[in-house]
Amino acid sequence: MSAPVLEVVRLHKRYGGRVALHSINFAVEEGDFFGLLGPNGAGKTTLLSIVSGLLPATSGEARVLGRTLRASDLDLRRHIGIVPQELALYGELSARENLHFFGELYGLRGADLTARVGEVLSVVGLSDRADGRVDTFSGGMKRRLNLGAALVHRPKLLLLDEPTVGVDPQSRNHIFEGVRRLNAEGMTVVYTSHYMEEVQALCRHVGIIDHGKLVACDALSDLLRRASGVIRFRAGPLTPALRERLAHLPGARLVDGDGEQRELACGDVKATLAQLLAALNESGADLHGLETEEPNLERVFFDLTHKALRD
Ligand code: ATP
């Protein structure tokens, strides 16, 4: 079996007295779409900066394509494309000229470079604005071009640092579709975000990071299996018999909220919902409101850290 495209081994980073990463370990196999989910300040940018060779680790290492990554190893770094949070573009140049510039930096020339720039403009949905000056672009279009700049040299590993922050829905969809297509064509992707919906929609494997610690790392489906779903309902006073029945629904936990508000945390939302409705119906209790939530990454994060992602 070939080496993982990216392997992070006991990676530790300190900024002065502050520990930003605590001995992080994970591997990303070729062709994977790996999400790194965590709140602001969790350490995502620090981690990506180290694995792209832009920032030294305090200890531990990152291996890319089986080789220890060193800042001086430009040959290896050529296989990495990084889309930083901060835009790195020239406003007075056109989209096409920007991509030419980045392609030349990586040694592309002539017809190959021209063709590649055309392909990248199409991937990020900017072909029709290719010759417009970048300082006339919307924020979302600049973000799409920022992604394009990381792609011109055909990297094997694409690292994206919260690429959709502050982006309009149309640009967000272009970014999603572009990155999905690249991944389907074989590019390995590491995608950081604090939006659980994005990670859940895009990624096959997910690492959850909080305060510089990787608190979980698994296939998305396995992480979701660990989490509970929730049924929130409002119902009139529960008789002792009904309360007893609800408290003993298999795999469910009844929690009282304010007034009539109650929650059933459960593994199987559909099955528990059917049992709840039957129990309410048979006891003649009035149901005044009902809402269900399937297990999601927000819940996984909460179960692991006892905090909401957006606190
Ligand atoms: P965000 O989503 O807000 O960018 P993040 O998950 O990317 O957050 P980092 O930017 O990696 O997190 O920051 C991790 C921790 O390290 C934070 O506590 C941050 O304040 C600290 N930090 C980051 N860069 C530096 C630096 N250059 N000097 C000192 N501390 C830093």
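Read-outs throughout are calculated quantities, based only on the coordinates presented, and are distinct from any laboratory measurement. As the structure is a computational prediction, the values presented were derived from the model and not from experiment. Every residue, glycine among them, receives a Cβ derived from its backbone with ideal geometry; neighbour counts consider all protein chains shown.
What translational D, rounded to a whole number of µm²/s, comes out for the chain from Stokes-Einstein when the hydrodynamic radius is the Kirkwood one over Cα pairs, at 10 °C and 1.306 mPa s?
Details: Rh = 21.8 Å.
The estimated diffusion coefficient comes to 73 µm²/s.
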Lys and Arg at +1, Asp and Glu at -1: neighbours of residue 140 with Cβ under 11 Å from its Cβ sum to +3
Using +1 on the beta carbon of Lys and Arg, -1 on that of Asp and Glu, and nothing else charged, what's the dipole of the chain about the Cα centre, debye to 20?
-> 820 debye
How many percent of DSSP beta bridges within the chain run antiparallel, rounded to 5?
-> 70 percent
Return the long-range amide H neighbours of residue 238 (sequence gap of 5 or more, or a different chain), with a cut-off of under 5 Å between placed amide H atoms.
-> none
Just in the range 243-311: which trypsin sites (Lys or Arg not before Pro) are loop by DSSP and have at most 15 other Cβ atoms within 10 Å?
-> 307, 310
Mind ranking 69-75, 4-10 by how tightly packed they are, going by the mean number of other C-beta atoms within 10 angstrom, highest first?
-> 4-10, 69-75
Where does the range 158-311 land on the Kirkwood hydrodynamic radius, alpha-carbon pairs, in angstrom?
-> 17.9 Å
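Would you order 193, 283, 59 from fewest to most other beta-carbon atoms within 10 Å of each residue's own beta-carbon? Walk me through the numbers before you get to the answer.
Numbers: 193 23, 283 15, 59 12.
Listed from fewest to most nearby Cβ atoms, that is 59, 283, 193.
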Qualifying trypsin sites (Lys or Arg not before Pro) in the range 82-128, DSSP loop, other Cβ atoms within 10 Å at most 16 | 109
GluC sites (Glu not before Pro) restricted to the range 140-226 and DSSP loop, no more than 16 other C-beta within 10 Å | 185
So between residue 215 and residue 135, what do we pick up on full extension, going 0.36 nm a residue minus the alpha carbon distance?
-> 24.7 nm
Report the relative contact order of the chain, percent, no decimals, based on alpha-carbon pairs under 8 angstrom and at least 6 residues apart.
-> 20 percent
Can you give me the Cα centroid spacing of the range 64-109 and the range 259-307 in angstrom?
-> 48 Å
Sum up the charges of everything whose Cβ sits under 9 Å from the Cβ of residue 21, counting Lys and Arg as +1 and Asp and Glu as -1, but leave residue 21 out.
-> +3
Distance (nanometres) between label positions extended 7 Å along Cα→Cβ at residue 197 and residue 225 | 2.8 nm
Send over the semi-axes of the range 88-215's equivalent ellipsoid, whole angstrom and largest first, taken as the square roots of 5 times the C-alpha gyration tensor eigenvalues.
-> 26, 17, 13
Quick one: of the DSSP bridges fully inside the range 72-217, what percent are antiparallel, nearest 5?
-> 35 percent
Amide H neighbours of residue 32 at under 5 Å, excluding residues fewer than 5 places away on the same chain, with H built from the backbone geometry, are 189
The answer for the chain, counting only DSSP H helices whose Cα atoms cover 18 angstrom or more along the axis and whose Kyte-Doolittle average is 0.5 or greater, is 110-123, 269-283
Extend 7 Å from the Cα of residue 294 along its Cα-to-C-beta direction; within the range 202-238, residues with backbone N under 19 Å of that point are 202-206, 219-232
Quote the Stokes-Einstein diffusion coefficient, in whole µm² s⁻¹, for the range 14-157, based on the Kirkwood radius over alpha carbon pairs, a temperature of 10 °C and a viscosity of 1.306 mPa s.
-> 95 µm²/s
Calculate the length of the line joining the C-alpha centroid of the range 155-213 to that of the range 10-45, in whole Å.
-> 15 Å
Give the dimensionless ratio obtained when the Cα radius of gyration of the range 230-311 is divided by 2.2 N^0.38 Å.
-> 1.13
Counting only DSSP beta bridges with both residues in the range 150-219, what percent are antiparallel, rounded to the nearest 5?
-> 55 percent
Whole-Hz couplings from phi, Karplus 6.51/-1.76/1.60, listed for the range 22-39; x for Gly and Pro | 10, 6, 8, 10, 6, 9, 10, 7, 4, x, 6, 10, 9, x, 10, 10, x, x
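Could you work out Rg/(2.2 N^0.38 Å) for the range 260-301, with Rg from alpha carbons only?
1.30
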